[in-house]
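K.L.:
Encoded as structure tokens, here's the structure I'll be asking about.
The numbers here are math on the coordinates, done by the rules we state, and not lab data. Because the structure is a prediction, the values reported are computed rather than measured. All Cβ positions, even for glycine, are placed from backbone atoms using ideal geometry, and neighbour counts span all protein chains on display.
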Amino acid sequence: MAHLYCVTLTPIQDDTLGLPKQIAFTASCQGTPDKCWNLASVEVASVLADLFSPKDVSRIEANLSSRGSVTLPKVYGPTELAQMGYRIRL
């Protein structure tokens, strides 16, 4: 059986205007952080577009821009993590 993950997005590394340059993705399995990766904030909308409506993506981006963390609304499998930009590092 595949693991299911709860995913939290957290803005990190501000630019000179105080906006996040990167977003940290943390995938937790059974309450324990298991997989972490960062994406440039400009990439977030495109990786979430296949999983969420444009309205939901805008709301997520607004929360991240105001320096808030966002826990995505359901659990996700490995395929969805890959859609969100997770890559296995060899």
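K.L.:
Would you point out which residue out of Tyr5, Tyr86, Tyr76 is in contact with a Gly (Cβ under 9 Å, 6 or more places away or on another chain) and of a type in the set (Ser, Thr, Tyr)? It would help to see each step written out before you state the result.
P.N.:
Working: Tyr86 fails: in contact with a Gly (Cβ under 9 Å, 6 or more places away or on another chain); Tyr76 fails: in contact with a Gly (Cβ under 9 Å, 6 or more places away or on another chain).
Just a single option satisfies the conditions, and that option is Tyr5.
K.L.:
A further question on this structure: Tally the residues that are under 14 Å from Val70 (Cα atoms) and among the aromatic types (Phe, Trp, Tyr), restricting the search to the stretch 6-52.
P.N.:
Of the residues in that region, 2 qualify.
K.L.:
Would you pick out the residues in the stretch 43-88 that are under 17 Å from Asp14 (Cα atoms), small (Gly, Ala, Ser) and surrounded by 11 or more Cβ atoms within 10 Å (Cβ to Cβ)?
P.N.:
Hits for the stretch 43-88 are Ala62, Ser65, Gly68, Ser69.
K.L.:
Go through the stretch 42-79 and give me each residue that's of a type in the set (Asp, Glu) and in contact (Cβ under 8 Å) with a residue 40 or more places away in the chain. Talk me through it step by step, then tell me what you get.
P.N.:
First, the residues of the stretch 42-79 that are of a type in the set (Asp, Glu): 43, 50, 56, 61.
Matches in the stretch 42-79: Glu43 only.
K.L.:
Further question: For the subset of the stretch 70-90 comprising residues that are β-branched (Val, Ile, Thr) and not in a helix (DSSP H, G or I), which member is nearest to Leu4 (Cα to Cα)?
P.N.:
Checked the stretch 70-90; the qualifying residue nearest to Leu4 (Cα to Cα) is Val75.
K.L.:
Given the options Arg67, Arg59, name the one that is in contact with a strand residue (DSSP E or B) (Cβ under 9 Å, 6 or more places away or on another chain), part of a helix (DSSP H, G or I) and farther than 18 Å from Tyr86 by Cβ. Even if it seems obvious, please write down each step before you answer.
P.N.:
Values: Arg67 fails: part of a helix (DSSP H, G or I).
Only one candidate qualifies: Arg59.
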